[in-house]
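The values are calculated or read from the model by the stated rules, or taken from the named source; none is laboratory data. Just so it is clear, the structure is predicted and the values come from calculations on it, not from any experiment. Cβ coordinates were reconstructed from backbone atoms using ideal geometry, including for glycine residues, and neighbour counts include every protein chain displayed.
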Amino acid sequence: MNTPHDHDHNDMTPLDHALAHNKQLIEQLEEVKSDLGFRRDLYALQTEQLDKVRSELVEAHNENNLWKAEAKRWRDMYLEYDEMLEGHINDAVGRLDNVWEELDKLKKEVEDQY
């Protein structure tokens, strides 16, 4: 192919030189257009993927908040249950103490009778 610099070394006329240079510029322009189109498509794809990732992050964040709330609910429920059991245990210990006191009284009565 004749390039703009070949006219020094062959029989290219200035018109041939200008046409070759123009052809070369048109080819470069087409390459740049093609590259620009590729970059635009790539940018659009990356933007789409980024939007999808953002959406998934928001969804994961919301789900995480739901799980936090659920964990708090269960923790509060277990604390309430623990307090309730502690109250029942204290009541049972009190009743057992009363039973032991009554048994001690009966034992003393029996011993006093004999």
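Here is a yes/no grid of residues against (1) surrounded by 10 or more Cβ atoms within 10 Å (Cβ to Cβ); (2) among the β-branched types (V, I, T):
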residue: P14; (1), (2): no, no
residue: Q24; (1), (2): yes, no
residue: K72; (1), (2): yes, no
residue: M77; (1), (2): yes, no
residue: E80; (1), (2): yes, no
residue: I89; (1), (2): yes, yes
| field | segment 1-42, subset of a type in the set (S, T, N, Q) and not in a helix (DSSP H, G or I), residue modelled with the highest pLDDT | value | T13
